[in-house]
Amino acid sequence: MDFVFAGMGVVSVDCLAILRDFGVNVVLFEGHEKNVPACDVLWSVHCRRIFREGDLAKARLYALNVHNSLLPWNRGADACYWALKDRTPHGAT
């Protein structure tokens, strides 16, 4: 199974390590490349890129996103800061 992994930060590093520990074939996607490669699974962990329909279609099985807020509250960058400042619900989706 081929994974394309897009992420940044400590959480993404840990998620990538887990995939590699399980022997998953992982292609790193930095997020600034123009095209997402074809894959079985596209996994985004705290990636700043907004994946469009054409990007998501490259994943034959699943496209997964891990975001550090309860959507729709505090979407975008610095979600933890905004949850505290605005006193909105917080968690992960």
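Would you kindly derive the ³J(HN,Hα) couplings of the stretch 18-30 from the backbone phi angles with the Karplus curve 6.51 cos²θ - 1.76 cosθ + 1.60 (θ = phi - 60°), listing them in order in whole Hz, with x for Gly and Pro?
Couplings: 5, 4, 5, 4, 7, x, 6, 6, 10, 9, 7, 10, 6 Hz.
At a Förster radius of 35 Å, what calculated FRET efficiency corresponds to the Cβ-Cβ distance of R60 and R87, to the nearest 0.05?
Values: r = 41 Å, r/R0 = 1.18.
For R60 and R87, the calculated efficiency is 0.25.
What Kirkwood Rh does the chain have if only Cα atoms enter the pairwise 1/r average? Answer in Å.
About 13.9 Å for the chain.
Rounded to whole Hz and in sequence order, give me ³J(HN,Hα) for the stretch 54-70 from the Karplus expression 6.51 cos²θ - 1.76 cosθ + 1.60, θ = phi - 60°, writing x for Gly and Pro.
Calculated HN-Hα couplings, in order: x, 5, 5, 5, 5, 8, 5, 10, 9, 10, 10, 10, 10, 10, 8, 7, 7 Hz.
Residue by residue, what Karplus-based ³J(HN,Hα) values in Hz, rounded to whole numbers, does the stretch 72-87 have, using 6.51, -1.76 and 1.60 with θ = phi - 60° and x for Gly and Pro?
x, 5, 6, 6, x, 6, 6, 4, 5, 4, 5, 4, 6, 5, 8, 6
Which whole-number percentage describes the relative contact order of the chain, with Cα contacts under 8 Å and a sequence gap of 6 or more? Display every interim value, and only then the final one.
On the way: 153 pairs, mean separation 23.8, N = 93.
Taking the mean separation of contacting Cα pairs over the length of the chain, I get 26 percent.
Only the coordinates and a few stated rules stand behind these numbers; no lab work does. The structure displayed is predicted, hence computed values, not measured ones. Neighbour counts run over all protein chains shown; Cβ positions are idealised from the backbone, glycine included.
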